[in-house]
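Visitor: Provided herewith is a single structure, encoded as structure tokens, for subsequent inquiry.
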Amino acid sequence: MLSEMDGVPVVAVLRAPDSSRFVDVAAALVAGGVRAIELTLTTRGAIRALRAVRSALPDDVRVGCGTVRTRQHVDAAIDAGADFLVSQIFNETLVVHAASAGIEYIPGALTPTEIVRAAEYGSPIVKVSPIGPFGGLDYLRELVGPLPDISLFVTGGVKPAEAGSYIRAGAALVGLSGLLLGDALSSHGDLTALIERTRAAIATVPSSINEGVRS
């Protein structure tokens, strides 16, 4: 489960008009040190790509689906081999359906009220997005203060160079998307540059994860 993931607490989030580059980009991300990858369902062919990415990567790399909004999304992702599911929203029906299917589901929230509601419904970790436009690190610190018992997965506008700062500020997981991927998902995107950016982002994370994650 992502909520119990050892090692690098960074999730790479892939979103594009189509999924033609997902396998190659996922391999580059893993080469750069990422151990969890989220494929968003707004991307054309995402479910097909999930099967291919899951088959191409080592078993210890977690591969999941993002932008999950319906029971049908849950079922399709599970059938394709997803290790976890992520939403931009909190939906009680999806929490129950995913739990009954035995797959980790991370609901989305933004305000303290939404975060607490999701946690009280049994979610072990709650996604906070988009955190970048809503204050970034400062907003995270304001959330962690009154909600120290809730594990937060922050994403949306996070700068790769600040990944470690988010962990030190109290995030359990950090999602990196467009600002990390750059042009990699385009047909002639530079995968070597992506590997370098990924390594640089991972290098910002505390060498001992316990330094940055709340106990």
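The values are calculated or read from the model by the stated rules, or taken from the named source; none is laboratory data. Nothing here was measured: the structure is a model prediction, and the numbers come from that model. Cβ coordinates were reconstructed from backbone atoms using ideal geometry, including for glycine residues, and neighbour counts include every protein chain displayed. Areas reflect the complete protein model, heavy atoms only, side chains present, ligands, DNA and RNA absent. Shrake-Rupley method; radii C 1.70, N 1.55, O 1.52, S 1.80 Å.
Visitor: Specify whether the C-alpha gyration tensor of the chain places it in the rounded, prolate or oblate class, a ≥ b ≥ c being the square roots of the eigenvalues: rounded for a/c under 1.5, otherwise prolate if a/b is larger than b/c and oblate if not.
Guide: oblate
Visitor: A further question on this structure: Heavy atoms of the protein only, probe of 1.4 Å, neighbouring chains included. What is the accessible area of SER186 in Å², nearest 10?
Guide: Roughly 50 Å² of SER186 is accessible to a 1.4 Å probe.
Visitor: What dipole magnitude, in Debye to the nearest 20, does the chain give about its Cα centre under +1 on Lys/Arg Cβ and -1 on Asp/Glu Cβ?
Guide: The dipole magnitude comes to about 340 debye.
Visitor: Less than 9 Å Cβ to Cβ from ALA36, Lys/Arg counted +1 and Asp/Glu -1: what total charge do the surrounding residues give?
Guide: Every neighbour counted, the sum reads 0.
Visitor: From the square roots a ≥ b ≥ c of the eigenvalues of the alpha-carbon gyration tensor of segment 1-80, which class results: rounded (a/c under 1.5), prolate (a/b over b/c), or oblate?
Guide: oblate
Visitor: Quick one: order PHE84, PHE90 from most to least accessible surface, probe 1.4 Å.
Guide: From most accessible down to least: PHE90, PHE84.
Visitor: Ok, one more. If each DSSP helix of 4+ residues adds -39,500 (n - 2.57) and the sum is divided by the residues in the chain, what number results at 222 nm, nearest 500 deg cm²/dmol?
Guide: -10500 deg cm²/dmol
Visitor: Here is a follow-up. Amide H to amide H, which residues 5 or more places from GLY66 or on other chains are under 5 Å from it, using H placed in the peptide plane?
Guide: Here the answer is LEU39, THR40, LEU41, VAL86, since their amide H atoms fall under 5 Å of that of GLY66.
Visitor: Solvent-accessible area of LYS127, probe 1.4 Å, all protein chains present, reported in Å² to the nearest ten, please.
Guide: Result for LYS127: roughly 10 Å² accessible.
Visitor: Turning to a different aspect of this structure: Taking a probe of 1.4 angstrom, what is the accessible area of ILE47 in Å², to the nearest 10?
Guide: Number for this one is 40 Å².
Visitor: Could you list which residues have their amide H under 5 Å from that of VAL10, counting only those 5 or more apart in sequence or on another chain, with H placed in the peptide plane?
Guide: Long-range HN contacts for VAL10: ARG35, VAL174.
Visitor: Do you know the relative contact order of segment 29-107, to the nearest whole percent, from alpha carbon pairs under 8 angstrom that are 6+ apart?
Guide: For segment 29-107, the relative contact order is 26 percent.
Visitor: Okay, moving on. Leaving out ligands and nucleic acids, note down the accessible area per residue over segment 7-114 with a 1.4 angstrom probe, in whole Å².
Guide: On a per-residue basis, 40 Å².
Visitor: Taking Cα centroids, how far is segment 79-124 from segment 162-204 in Å?
Guide: Segment 79-124 and segment 162-204 have Cα centres spaced 24 Å from each other.
Visitor: Here's something else I'd like to know. Most mobile of ASP60, ASP138, ASP183 per a Gaussian network model of the chain (Cα springs, under 10 Å)?
Guide: ASP60
Visitor: Rounded to a whole number, what % of the accessible area of the chain do carbon and sulfur atoms account for, probe 1.4 Å?
Guide: The nonpolar share, carbon plus sulfur, comes to 51 percent.
Visitor: Separate question: Keeping every protein chain in place, order THR93, THR198, THR204 by accessible area at 1.4 Å, biggest value first, i.e. largest first.
Guide: THR93, THR204, THR198
Visitor: Right, next: Just to confirm a number: summing +1 for Lys and Arg and -1 for Asp and Glu over residues other than GLY136 whose beta-carbon lies under 15 angstrom from that of GLY136, what do you get?
Guide: 0
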